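First the structure, in the form of C-alpha cells, and then the observations on it.
The values are calculated or read from the model by the stated rules, or taken from the named source; none is laboratory data. Keep in mind it's a predicted model, so treat the numbers as computed, not measured. Every residue, glycine among them, receives a Cβ derived from its backbone with ideal geometry; neighbour counts consider all protein chains shown. These area figures cover heavy atoms from the full protein model, side chains too; ligands, DNA and RNA do not enter into them. Shrake-Rupley method; radii C 1.70, N 1.55, O 1.52, S 1.80 Å.
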Amino acid sequence: MPDLLIELFSEEIPARMQARAAEDLKKRVTDGLVEAGLTYAGAAAFSTPRRLTLALEGLLAESPTVREERKGPKVGAPDKAIEGFLRGAGLTRDQLEERDTPKGAVYFAAIEKPGRPAAAIIAEVLEDTVRNFPWSKSMRWGTGSLRWVRPLHSILCVLSDEAGATVVDLDIDGIKSGNTTHGHRFMAPDEIIVTGFEDYAAKLKRAHVVLDTAERQQAIWQEATNQAFARGLEVVEDKGLLAEVAGLVEWPVVLLGDIDAEFLELPPEVLQTSMKEHQKFFSVRNPKTGRIEGFVTVANRETADQGATILAGNQKVLSARLADAKFFWANDLRVAKSETGMAAWAEKLSNVTFHNKLGTQAARIDRIAALAREIAPVVGADADLAEQAARVAKADLSSEMVYEFPELQGLMGRYYAEAAGLPQEVANACEMHYSPLGPSDDVPTEPVSVAVALADKLDTLTGFWAIDEKPTGSKDPYALRRAALGVIRLVLENDVRMSLFAVLKEQANEVAEGVAGVENQLFIQSGQAEELEAEFIKNMGVEDILAYLNEKDELEEGDRKEFEQGISFLERISDLLTFFHDRLKVFLRDQGIRHDVIDACIAMEGNDDLTLLVKRARALEDFLKSEDGENLLQGFKRANNILSQAEEKDGVEYSYGADVKFAEDDSEKALFAALAASEGAISTAIEAEDFAAAMGGTAALRAPVDAFFEAVQVNSDNEVVRRNRLNLLSQIRKVCGQVADLSRIEA
Amino acid sequence: MTQSTSNAPRSFQEIILRLQNYWASKGCAVMQPYDMEVGAGTFHPATTLRSLGSKSWAAAYVQPSRRPTDGRYGENPNRLQHYYQYQVLIKPSPPNLQELYLGSLEAIGVNMDLHDIRFVEDDWESPTLGAWGLGWEVWCDGMEVSQFTYFQQVGGHDCHPVSGELTYGLERLAMYILGIDHVMDMPFNDPDALIPLSYGDVFKQTEEEYARWNFDVANTDVLLRHFEEAEAECAAILAQEHQDPKTGKRIIMAHPAYDQCIKASHIFNLLDARGVISVTERQAYIGRVRALAKQCADAFVLTEAGGYSATPAA
C-alpha cells in the first residue's frame, strides 16, 4: 500500500498559526480522501516556520469500486418514465434487468462506479484543501488571486510504494507539484529531492531543519535548562513562549546571556515582561536570590563564532529596551514618592475614557471607592482603607511603565504604593483587586483587597448591564462572565454574606446618576418600593406586578410611565442576578453539584446571598445522596403530585391546615405528630442556617410519610376526610419546602 | 555589531548610498523624498498612490519622516521627531522579494554567516490611509531592522496586483551596523572626512527646536483651521470636472488632492503632540483623514497612472 507525503512550502508562517494549520491540513486532506473512498492506516502532520507537512501511511492504491442497485419503473411504464430513469442511472435500456415483484415486473438497474487511482483523488483533494484553507488571516501576492497565509512557493506531493516514488501532478495557479523542497534558509538553501517521508525527514535534518515542533521544543528546553544549570541558574518556565519560539526557528540554537548589572534592581516582573514581549527571551533566575539575572534567546542558526555575534547583538538590544524600562521605573518612582504621590496619576484618569457610555476612568473609580466603602464592613475591612485602596488601585494606569507594558497593571500599582509609603493592605489591593482573573487564579483573602476586588467587578457588571452591553453567545468583549465568576469566587471563598440584589441595585443607581444616556432611573414611589422588590425577587414577571398594582389602583395614569421605567430598571438588575445564578450553576456543576439541586435552592428566598445559596445547595446535594434523602424525595413527590392534581381538579389551594381530629388511621395520626415535631425543628435549624440539620429534620418525616402512603388512600370517598388529607399533604409540602423547592429535583 | 570587515560601511550616509545603489541595481527607480511633511515613507505618493491600480511599478527612496510625539529634545538615544525611512515598493511583488531584501542587508554590511535573521509576524495597518497588509518585522539578532509588507488594501481599494513594501528605519539600522549607542554620536559622513560630522552636528539643534515647537508652541487654533482648510480643499479639488475646461484634456487632480490629505494627516499628528485631541476625538480625526485618503485613491484609479485607459469609442 502506498504512502503519501505532502509539503506546502511558503514564506514564514506566523508562529501562533502553525500548529493549528498542520492539524487543519491533516483533517482537510484525510477527510477528503476518506470521503472519496481512499482510506489510510496512519497520518501525521508537522509544521515549521516555512512548511506544513502531512505524511500518510498505508493508503489505498485506488478507491474501491462501488455497486449500487436502483429500482426503476414498472415494465411497460410510459417511455418517458423509463428514459428518465435511464438518464439518472447513466445506462441504456438493454442494461436493465426485469424482475418480478409482488407488484408485477419492475426494471432494476445495477450501477457500478469504478474505483479511481489514488493520485487522481489526491490531486483533487489537495487542490481543494489549498484553495479553501481555513487561515484566520490570509493574503494574495504578486499578480495572483490564490490566498495563503504568506506567499506559497512550492508543493511537494509524492506517492511512494515498493516500486518507487511518483509525483502526484497538480498545478494550482501556476504552482506545480514536484518532489523537491529546500533546507534551512541560510544554512542549506539548496534544493532537496525526496522519495518519501523517512527520506524527507532525514534529508531535512541534514539540511538543518527539525521538522517536528515537539522535538524543537524539547531540544530548546533541554539545552536551555542545561546551560542554566551549568551556571547554577534556572530557566523560568513559560510554555506559551516555548511554543512560540519553536515556531520561529527551523534549527534552534540556544544562547544564554547575562543581564547588565545596572538593570538587576528592576522588579523581576518588569525584566521578565520586557524580555518576553519584546525579545521573546526566556528569563533565567538565580535560585539563591530569586533574582532574574540572565536570559535565553533561541537563534535559528549555527555560526562560525558559536553565536557570539548573535548573542552580543541580542544583549545590546535588550540593554536598550531595559534602559527604557529603567527610565520609566525611575520616573514613576519619582512621582509615587512625591508629595502628591499616586493621586497625581489618579487625577489624570479623568481624561481617560473607560467606555464612551460609561464615562471616564475617574468617574468609575469614584463609584468603586464608594462601593468598596460600603462593602468593607461586610468583608471585615476598614472602610477608610478600602476607600483609599480603591482610589489608588488603578492609578498605575497613568504610569509610564504600565503605558509601555499594560500587562503589568496592578503589579506596578503595588510597587508604587509601597514606594509612596501607603499602608501595606492598600498596596496589596492595588495588585490583588484584579483577581481572580481565571478559574484557577488565586482569590484575594485580605479584607481590603476583597472589598476593592468586589467593588471593581460589581461596578463593571452593573455598568454594562445598565447600558445593555451583555455578553451574547461567544462574544464577551468586556469579560463580564469572568467578572461574575470572580465575584462568585470572592464571595464564596471568603464566606461573604450580602444581598447581591441590594448591592447591584444601589450600584446601578450610581451608574445611572453619573452617566448621561442611562435613563432607566429608579422611580419607585416611596412605600411601594419594598413591596415591589419583595414581589420582584420572587421572580414575578413585570406584567404580573403591573397587573397587581393596577388592581390595587395605586397608580395614577401619569405616573405609569415613570413606574414602568423603574420596573424596566429592576428587570435589568434581576436579569443580572440571573446571570450570576447561571455562572454559579456552571461553577457548581464543575464541583459536582447537580443543576436541579441548584435550581431547587435558587427558587428559595434569599437567593441573592450566594454564600447562603451554596450552603443550602451543598447540604441538599449531600442529603439527596443519602438513603433517607432519596426516600423522602419520593414521598415528597408523591404528596406533591397527588396534591397538585387535586388542586388543579378542584380549583382550590389546600393550604388551610389539616385537623388531627379527622384523622382515621394510626399512620395518619403519626404523620400529624411527626410534622408538628419537625416543623419546629426545621425552622429553628433554617434560622440558624444549619441546612444539614434542617434536612435531617425532614429526614425524620420519611418513615411516617412512607407509612401514611402505605396505609391510607388519600382520595377517600368521605369528602371531609379527603380534604383533610389533602391539607395534610400540603403540610408536607410546606415543611419540606422550607429547605428547598424539592419539586424542581429531577427523579 | 562591530565586526571589522572590509565590507563594513563607515557612516550613516554610506549606508543610505549603498541602499540606493543596491535597489537601483535591482531595477528600482530611485526617487527623491516627497517635499511635504509626512509621518512615514508609506505616505509618499510613490507608495500610497502607485500601489493602486494595475500598472507595474518599482521605486526606492529615502523619506524624511516626522512623528511629533516622539520628540525627546535629542536626548533619547533612539527617539527622534524627525528621522529617515528607506522605502522600497515593487508591484507586482516579485517571488524572490525576501531574497532581494536579504541581499540589501548584505549590501550594507550585514554578514549573513554570522547573524540571525528572522521574519517575525507583524501585520501592518494604517488607519489614516485605510490600508493594511500582511508581512513581518525582520529581526537581526533580536533587533527589528525592517518592516516587510504585502499590501492587501490601500485607500479602501483591494490591491491588484499586490505590491511588496520594504521599510527600513535608517537611524536604528545604521546605529546597529555602525555599533553606535546614541543616535547623536553616529557619524553622518565619513569619520575621516575633512570635516567629520556626527548625526548630532546635523540634527541635535533641530530636534530641540522642533520638540519645543511641537509640544508647547505650535498654535493649535491655527492648526485646527489648517486641518479644516486642507480637508475642504481636498474635497474641492476632487469635485472638479474630469475634463479641464482650459485645455480640454482629461485631468483628474489626484496628486494635488492627495497633498491636502498628507497635510491634514501631519496637522493631526501635530495636534496630537500638543495634547489637544481627546481619546474620543482622536478616532474621529483619524476617520476624517482616512476619508480623504479614500477619496484620493478613488480618484487616482481613474487616472492613467492608476491603470485607467481611455478605450476609443467604437
Accessible solvent surface per residue of region B:93-246, calculated while the other protein chains remain in place, 1.4 angstrom probe, Å²: 41 Å²
5 angstrom amide H check on A:Leu170, placed H, neighbours 5+ away: A:Ser177
B/A buried area, accessible surface, summed, 1.4 Å probe, Å²: 3400 Å²
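Give me the one-decimal Kirkwood hydrodynamic radius in Å for region A:10-161, with the sum taken over alpha-carbon pairs. Before the final figure, lay out the partial values.
Values: mean 1/r = 0.0528 Å⁻¹.
With all distinct Cα pairs of region A:10-161 included, I get 18.9 Å.
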Accessible surface, region B:1-72, averaged per residue in Å² (probe 1.4 Å): 42 Å²
Selection from B:Pro191, B:Gln283, B:Ala211, by position along the positive dipole direction of region B:163-288 (Cβ): B:Gln283
Inter-centroid distance (Cα atoms) of region A:317-395 relative to region A:27-86, Å: 64 Å
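In debye, nearest 20: dipole of the protein assembly as shown around its Cα centre with unit charges on the Cβ of K, R (+) and D, E (-)? Walk me through the numbers before you get to the answer.
On the way: 107 positive and 165 negative charges, 614 e Å.
In debye, rounded to 20, the protein assembly as shown gives about 2940.
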J(HN,Hα) series, region A:235-252, from Karplus relation 6.51 cos²θ - 1.76 cosθ + 1.60, nearest Hz, glycine and proline x: 8, 6, 5, 7, 5, x, 5, 4, 5, 5, 4, 5, x, 9, 9, 9, 9, x
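Just reorder A:Thr353, A:Thr309 by solvent-accessible area, largest first, 1.4 Å probe, all chains present. Before the final figure, lay out each step's value.
Details: A:Thr353 55, A:Thr309 30 Å².
Of A:Thr353, A:Thr309, the descending order of accessible area is A:Thr353, A:Thr309.
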Amide H contacts of A:Ile111 (H built 1.01 Å from N, under 5 Å, at least 5 apart or other chain): A:Glu68, A:Glu69, A:Arg70
Cα pair distances in region B:29-118, grouped into 5 Å bins until the bin that holds the longest one, percent each: 3, 12, 18, 17, 18, 17, 11, 4, 1, 0
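Taking all protein chains as present, what is the carbon and sulfur share of the accessible area of chain A, in % to the nearest whole number, probe 1.4 Å?
Working: 16530 of 34360 Å².
Carbon with sulfur: 48 percent of the solvent-accessible area.
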Dipole magnitude (debye, nearest 20) for region A:141-280, charges at Cβ of Lys, Arg, Asp, Glu: 320 debye
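At 222 nm, what helix-only mean residue ellipticity would the protein assembly as shown give, in deg cm²/dmol to the nearest 500, using -39500 (n - 2.57) for each DSSP H run of four or more?
Working: 35 runs with 498 residues, N = 1061.
Result for the protein assembly as shown, helices only: -15000 deg cm²/dmol.
Two decimals is fine: what's Rg over Rh for chain A, C-alpha atoms, Kirkwood radius as Rh?
Details: Rg = 36.7 Å, Rh = 33.3 Å.
My calculation puts Rg/Rh at 1.10.
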Crossing angle, helix B:12-25 versus chain B [Cα axis fit, 0-90 degrees, rounded to tens]: 60 degrees
Average partner coverage of B:176-183, which counts Cβ from other chains inside 10 Å: 1
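Summarise the partner chain shielding of B:103-113 as one whole number: the mean count of Cβ atoms from other chains within 10 Å of each residue's Cβ. Please report the intermediate quantities before stating the final value.
Details: counts 0, 0, 0, 0, 0, 0, 0, 0, 3, 4, 8.
Average neighbour count from other chains, rounded to a whole number: 1.
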Under 15 Å from the Cα of B:Lys263 - aspartates and glutamates, other chains or at least 8 residues apart: B:Asp35, B:Glu37, B:Glu228, B:Glu229, B:Glu231, B:Glu233, B:Asp272
Average partner coverage of A:307-315, which counts Cβ from other chains inside 10 Å: 5
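When Lys and Arg each count +1 and Asp and Glu each count -1, what net charge do the other residues less than 9 Å away from A:Arg744, Cβ to Cβ, add up to? Kindly include the intermediate steps, with their values, before the conclusion.
Numbers: positive: none; negative: A:Asp596, A:Asp599, A:Asp741, A:Glu746.
Local charge sum for A:Arg744: -4.
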Dipole-positive endmost among A:Phe662, A:Thr53, A:Ala118 within chain A (Cβ charges, Cα centre): A:Ala118
Accessible area per residue in Å² at 1.4 Å probe, computed on chain A: 46 Å²
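I need the peptides A:43-49, A:395-401 ranked by packing, meaning the mean over residues of other C-beta atoms within 10 angstrom, with the highest value on top. Show your work: numbers first, answer last.
Details: A:43-49: 21.9, A:395-401: 23.9.
Most protected by this proxy first, the peptides run A:395-401, A:43-49.
Between rounded, prolate and oblate, where does region A:260-338 land on the alpha carbon gyration tensor, with a ≥ b ≥ c its root eigenvalues, rounded for a/c under 1.5, else prolate if a/b exceeds b/c? Display every interim value, and only then the final one.
Values: a/c = 2.70, a/b = 1.90, b/c = 1.42.
Prolate, because a/c is 1.5 or more and a/b exceeds b/c.
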